[in-house]
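Here the structure is laid out as structure tokens; the discussion comes afterwards.
The values are calculated or read from the model by the stated rules, or taken from the named source; none is laboratory data. Model, not experiment: these values are computed from the prediction. Here Cβ is always computed from backbone atoms with ideal geometry, including for glycine, and neighbour counts include all displayed protein chains. Only protein heavy atoms, including side chains, enter the accessible area calculation; ligands, DNA and RNA are left aside. Shrake-Rupley method; radii C 1.70, N 1.55, O 1.52, S 1.80 Å.
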Amino acid sequence: MKRASYKKDFQSWKGIMALKLLCCNIVAGRFDWKKYCTPQSYCGQEICVVPLHCSYGQIGYTVHFPYSDIPEVEYDWEMNKLTIDKENWESYLT
């Protein structure tokens, strides 16, 4: 029984590290979101980007982690705001 919990803890840790790296790369301008509009692997996690649109055009994108319980990351470049589950990304990851 212990072995399964270790595996789950590792998967959780791996997801948190991928989330942290993703957020740092988005903030630094190193994340090529167009490349991930179809599901692809990013740091060992499957991700898919969905553009955010409003009445006058695209304003950002949402990064979705299919098949996992990792929360969505949303970047609004119009407001220059990065959030995880509608919370500030820095406060979410501390």
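Sites count as exposed loop sites when they are chymotrypsin sites (Phe, Trp or Tyr not before Pro), lie in a DSSP loop, and have at most 13 other Cβ atoms within 10 angstrom; the longest stretch of the chain without one is 1-55.
In order along segment 78-94, the phi-based Karplus estimate (6.51 cos²θ - 1.76 cosθ + 1.60, θ = phi - 60°) of 3J(HN,Hα) comes to 5, 9, 6, 10, 10, 10, 10, 6, 6, 10, 4, 5, 5, 6, 5, 8, 8 Hz; Gly and Pro are listed as x.
Expressed as a whole percent, the accessible area of the chain that falls on carbon and sulfur atoms is 55 (1.4 Å probe).
Residue separation times 0.36 nm, minus the C-alpha to C-alpha distance between Lys86 and Asn25: what's the value? Walk me through the numbers on the way to the answer.
Values: separation 61, 0.36 × 61 = 21.96 nm, distance 1.87 nm.
Full-extension gain reported as 20.1 nm.
Quick check on the chain: helices-only [θ] at 222 nm, where DSSP H runs of length 4 and up contribute -39,500 (n - 2.57) each and the sum goes over total residues. Nearest 500, please. Write out the running numbers ahead of the final one.
Details: 2 runs with 32 residues, N = 94.
Helices in the chain give a 222 nm mean residue ellipticity of -11500 deg cm²/dmol.
Remark: the chain is approximated by an ellipsoid whose semi-axes, taken from the C-alpha gyration tensor as √(5λ), come to 26, 14, 11 Å, largest first.
For Val27, the solvent-accessible surface with a 1.4 Å probe is about 90 Å², rounded to the nearest 10.
Magnitude of the charge dipole for segment 32-92, about its Cα centre and with charges confined to Cβ atoms of Lys, Arg (+1) and Asp, Glu (-1), is about 240 debye. Accessible area per residue for segment 7-72, computed on protein heavy atoms with a 1.4 Å probe, is 62 Å².
Ranking Thr94, Thr62 from most to least accessible surface, computed with a 1.4 Å probe over the protein chains only, gives Thr94, Thr62. Please return the longest stretch of the chain lacking exposed loop sites, where trypsin sites (Lys or Arg not before Pro) count only if DSSP places them in a loop and at most 15 other Cβ atoms lie within 10 Å. The longest such stretch corresponds to 31-85. With respect to the chain, whose longest principal axis is taken over its alpha-carbon atoms, helix 2-28 is tilted by about 20°. In the chain, taking the dipole from charged Cβ atoms about the Cα centre, the farthest positive-side position among Gly44, Cys23, Gly57 is held by Gly44.
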